[in-house]
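First up is the structure itself, then whatever we jot down about it.
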Amino acid sequence: MTKVRSGLDRRDFLQTSALGAFAAVTGIVAAPAVLRAQGASVKLGVLHPVSGALSYSGQQGRLGATIAIEEINAAGGIKALGGAKFEPMLGDAQSTPDGGNAEVEKMNAAGVSSIIGGYASSICLAASQTAARYDLPYLVDVGVADSIVTRGLKNTFRFGPGFGVIAKTALDNLVTINDQAGKPAKSVMIVHEDSLFGSGLAKLLNAQLPGRGFEVLETIAHPTPTRDFNNVVLKIKARDPDLVIPADYYNEYVLLARTMQQQRVRPKGIYSVLGGAASSYKFVKEFPEAAQYIMDCNHWFDPRNAKALALKKKVEDKGQFYTYEVFMNYSCVLLLADAIERAASADRAKIIAALESSTFAGHLMPYGPTKFVNGQNQGAAPVNTQVLGNDIQVIFPATFASAKPVFPMPRA
Amino acid sequence: MTARLLLPLLLVVVALALVPAVVTSNVALNFMVTVLLIALVGQGWNVLGGYGGQYSFGHSAFFGTGAYVTAILQVRYGVNAWLGFALGIATGALVGAAIGAVSFRSGLRGSYFALVTLAFAEVLRILASVTPITGAGVGTLIKLDLRPEALQFQSRVPFYWIILALVAISLIVARVIEASRFGAWLVAVRENESAARALGVNATLMKVSAMTISAAITAAAGCFYAQYFLFVDSGIAFGPWISVEALLAPIIGGIGTVFGPLLGALVVKMLGELAKLVAGDAPGLDLVIYGCVLILVVAFAPRGVGGVFHEFYNFVSRAWTPAPTPMRRRDG
């Protein structure tokens with residue numbers, strides 16, 4: 001007997017209707033029109049990897065951005081727009097570039113005026129590129145890959161420094177610190193995570209350290225996450241370098257430093273570049289012995305800035321740590337608010353123009369007034385910090401220094 | 001191959017092709033592109049794992065090969081993106097054939113084969129993270145060039161149609177395998193390799209062929225990823241995430257079925273989005289909800305969502321079919 005099939009059987013119907021059901025449930029078809037119809041507020045996309053491997057940094061970044069938004073709103077909002085309040089749209093990049101991309105699509109559909117954040121270079125690259133399709137201003141908070149601002153994207157701005165500047169500053173300062181101490185360090189081992197951040201940095205260090213009088217004994221790459229550094233530390237112990245230079249995210253950095261402490265590996269110095277934990281109050285509080293005397297070249301607030309110290313107190317009163325993600329994102333929101341204020345509009349093109357001509361000096365960083373050239377803030381530079389006692393002190397440059405460097409590390 | 005076998009495929013593809021006409025939001029289109037991308041990777045895995053019974057944990061090896069080849073050819077050698085895309089698929093197929101030949105000729109089966117594929121993917125990930133041609137850990141960035149000649153588009157719609165076309169081809173490939181003698185031999189190898197060999201089936205050739213087709217489909221997904229996101233690094237290309245997605249979609253949707261990977265990808269991604277809506281801005285809560293629901297689906301629907309539909313269909317069919325009238329005995 002031949003069974004006569006209709007054009008659409010039940011299974012096909014269920015499969016295709018699931019699409020329609022999804023669209024109806026989530027409201028994504030009609031969402032943009034509804035959201036745009038809401039009143040006088042300026043929508044701001046706040047994008048961070050708040051889940052996944054980079055969740056701690058992402059959550060800290062979100063904290064800094066939301067505190068700034070709350071403060072701006074409490075102080076009367078954007079005055080040039082009749083006191084319009086910032087309406088944050090929080091996005092989770094889930095520590096992946098495609099996660100960041102999907103969030104930018106949502107933010108664009110919701111009609112945000114601009115986006116800040118991204119944190120990791122790979123997320124910033126993908127998210128800013130998607131934002132560029134819609135001429136949506138994108139202010140990078142931390143992502144340091146040089147390629148973020150060398151792609152010719154008109155919408156992308158970076159408030160902080162890139163790899164090139166950071167590596168040069170770190171190396172210049174390392175040479176100066178070493179020279180001032182009578183050149184005790186001659187050999188180096190580099191330990192880095194193997195993504196965009198760590199590998200890029202390791203490449204630069206390998207290229208430049210030999211020319212500055214340091215022999216690179218070995219470069220060890222590891223993935224993120226890595227949960228055991230025993231073998232890495234055994235290698236360090238065997239090669240016995242004068243300096244260890246880690247380039248890791250927070251968790252791996254802490255683990256490496258603790259393993260070095262456990263195996264009693266004490267080089268003359270641990271000098272990090274953008275050390276995930278080396279400039280972290282969380283690390284200093286939780287593992288004070290492992291953190292002691294570690295030097296870092298990193299994003300850091302201006303210790304003479306009263307606003308920066310007030311924010312530190314506020315964050316600590318909330319029971320949180322004052323990490324660089326907090327004050328970088330806080331500063332980025334202030335910078336963006338200033339641009340919108342001067343543009344007197346939430347129009348994307350006008351915000352981009354206002355950012356291009358920005359001379360904002362009300363941020364927390366020791367950068368001076370902002371000046372963007374091809375999207376890169378020219379004054380942005382890292383500073384050197386060192387864990388001394390139970391605090392993090394700025395040791396370089398002298399203009400901002402709150403303590404003198406202790407190098408080589410005293411042997412226990 | 002009859003029209004009757006292809007009709008359901010045609011209907012589903014036509015229905016999906018009409019999505020951009022109904023849904024104009026780029027958010028929804030981006031979502032659907034992601035679903036179809038995972039469906040394509042899942043179909044790649046399904047050809048080898050579902051029909052061939054060879055469970056791979058390292059399909060990222062083929063995904064990454066496709067992604068890197070298309071990106072590197074464009075960025076370093078100035079090859080046209082369309083040609084780079086085709087060469088990416090071909091290279092992926094070659095890598096699949098090579099890994100398949102090495103593994104199956106060595107007689108690796110079951111968990112040993114799974115571990116070897118995982119090892120190949122990890123080796124490729126480490127190589128990509130240190131080799132200068134891949135950009136090492138920095139990765140490879142394809143320049144934004146929104147022209148159709150560069151396989152880049154301002155709108156999401158052309159991307160949607162390209163990935164839909166690839167999924168349509170993969171569905172036809174799966175259907176052809178099901179209906180062909182090759183498919184029958186492959187299933188015979190899956191069910192009982194020794195018996196299949198005894199009946200004269202060249203099991204190694206069948207498995208290597210399935211792996212080559214599987215790798216080509218998965219590499220196509222990698223090529224598309226590179227072209228869509230314009231950035232590839234070792235973690236994205238060869239990381240375990242895509243291997244997990246590749247096997248999750250067919251397992252959830254229905255392993256060894258034509259529509260299983262597509263259905264699974266749709267369910268998995270919809271679940272993820274709905275979990276985000278429920279969780280709001282609480283970081284990570286959506287992933288917890290997503291994980292819990294996934295466990296429930298796997299626990300209570302071992303044949304996948306497709307299997308649930310099938311059982312429901314059978315149940316309704318039985319309920320609608322009138323009970324047979326008992327024959328009356330004629331006396332006299």
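Just so you know, all these numbers are worked out from the coordinates, no wet-lab data involved. Everything numeric here is computed off the predicted structure, so don't read it as measured data. Cβ placement follows ideal geometry from the backbone for every residue including glycine, while neighbour counts extend to all protein chains displayed.
For a straight C-alpha distance cut-off of 15 angstrom, the aspartates and glutamates reachable from A:K350 (same-chain residues fewer than eight places away being disregarded) are A:D135, A:D338, A:E341. Over chain A, DSSP H runs of length four or greater, each weighted -39,500 (n - 2.57), average out per residue to a 222 nm ellipticity of -13000 deg cm²/dmol. Only Cα pairs under 8 Å and 6+ residues apart enter the sum, and on that basis the relative contact order of chain A stands at 16 percent. Counting only other chain Cβ atoms within 10 Å of each residue's Cβ, the peptide B:218-231 averages 2. In this structure, the amide hydrogen of A:N377, modeled 1.01 Å from its nitrogen in the peptide plane, lies closer than 5 angstrom to those of A:R158, counting only residues at least 5 positions away or on a different chain. Across region B:3-260, the convex hull enclosing all Cα atoms gives 119 Å³ per residue. Across q = 0.12, 0.25 Å⁻¹, region B:49-135 modelled as identical point scatterers on its alpha-carbon atoms has Debye log10 I(q)/I(0) values of -0.40, -1.19, in the order of the q list.
Just the C-alpha atoms of the protein assembly as shown: what Rg/Rh do they give, with Rh taken as the Kirkwood radius? Each step should come with its number before you reach the end.
Working: Rg = 28.4 Å, Rh = 27.7 Å.
Value, to two decimals: 1.02.
If you place +1 on the Cβ of every Lys and Arg and -1 on the Cβ of every Asp and Glu, how big does the dipole about the Cα centre of the protein assembly as shown come out, in debye to the nearest 20?
I would put it at about 1160 debye.
Springs between Cα atoms under 10 Å define the GNM used for chain B, and in it the highest mean-square fluctuation of B:V208, B:V167, B:V297 occurs at B:V297.
Lys and Arg at +1, Asp and Glu at -1: add these up for the other residues within a Cβ distance under 14 Å of A:V333 and post the number. Neighbourhood net charge equals -3.
Remark: C-alpha extents of region A:265-350 on the principal axes read 57, 28, 21 Å, sorted largest to smallest. Comparing A:T219, B:A61, A:M107 along the charge dipole axis of the protein assembly as shown, the residue lying farthest to the positive side is B:A61, per the Cβ-charge model.
For region B:38-48, backbone phi angles converted through the Karplus equation (6.51, -1.76, 1.60; θ = phi - 60°) give residue-by-residue couplings of 5, 4, 5, 4, x, 5, x, 5, 4, 4, 7 Hz, Gly and Pro being listed as x.
By count of other Cβ within 10 Å, fewest leading, how are A:K235, A:K318 ordered? Write down the numbers at each step before the final one.
On the way: A:K235 15, A:K318 10.
Ordered by Cβ neighbours within 10 Å, fewest first: A:K318, A:K235.
Per the Kirkwood treatment, what hydrodynamic radius in Å, one decimal, follows for region B:73-225 from the mean inverse distance over all distinct Cα pairs? Working shown, then result.
On the way: mean 1/r = 0.0565 Å⁻¹.
Result for region B:73-225 stands at 17.7 Å.
Remark: region A:354-371, residue by residue, has Karplus-estimated 3J(HN,Hα) of 5, 5, 4, 9, 5, 10, 5, 10, x, 8, 9, 9, x, 9, x, x, 6, 8 Hz, where x stands for each Gly or Pro and the curve is 6.51 cos²θ - 1.76 cosθ + 1.60 at θ = phi - 60°. Ignoring aspartates and glutamates fewer than eight residues from A:K43 along the same chain, the ones with Cα atoms less than 13 angstrom from its Cα are A:E87, A:D347.
Ordered by the number of other Cβ atoms lying within 10 Å of each residue's own Cβ, fewest first, A:E215, B:E178 fall into the sequence A:E215, B:E178.
Take chain B, connect every pair of alpha-carbon atoms lying under 10 Å apart with a spring to form a Gaussian network, then pick out the residue of B:A299, B:A210, B:A188 with the largest mean-square fluctuation. Answer for the Gaussian network model of chain B: B:A299. Number of Lys-Lys pairs in region A:220-339 with C-alpha atoms under 24 Å apart and a separation of 8 or more places or on different chains: 15.
Here's the list of aspartates and glutamates a cross-link from A:K186 could span, going by alpha-carbon distance under 12 Å and ignoring same-chain residues fewer than 8 apart: A:E215, A:D240, A:D242. The charge dipole of chain A, taken about its Cα centre with unit charges on the Cβ of Lys, Arg, Asp and Glu (plus for the first two, minus for the last two), comes to roughly 60 debye. Per residue of chain B, the DSSP helices (runs of n ≥ 4 H) give a summed -39500 (n - 2.57) that works out to -24500 deg cm²/dmol at 222 nm. Under a 10 Å cutoff between Cα atoms, tell me which one of A:A53, A:A277, A:A170 has the largest fluctuation in the Gaussian network model of chain A. Maximum fluctuation in the GNM of chain A, among the listed residues, is at A:A53.
Our Cα-only numbers for chain A put the radius of gyration and Dmax at 23.7, 97 Å. Could you work out the local net charge near A:G362, counting Lys and Arg as +1, Asp and Glu as -1, over the other residues with Cβ closer than 10 Å to its Cβ? Every neighbour counted, the sum reads 0. Once backbone amide H atoms are built at 1.01 Å from N, A:S187 has A:E215, A:D242, A:L243 as its partners under 5 Å, excluding neighbours fewer than 5 places away on the same chain.
Distance from the C-alpha centroid of region B:1-69 to that of region A:341-373: 44 Å, rounded to the whole angstrom.
Where Lys and Arg each count +1 and Asp and Glu each count -1, what net charge lies around A:V383 among other residues with Cβ under 13 Å from its Cβ? Could you put the intermediate results ahead of the total?
On the way: positive: A:R304; negative: A:D172, A:D296, A:D302.
So the environment of A:V383 carries a net charge of -2.
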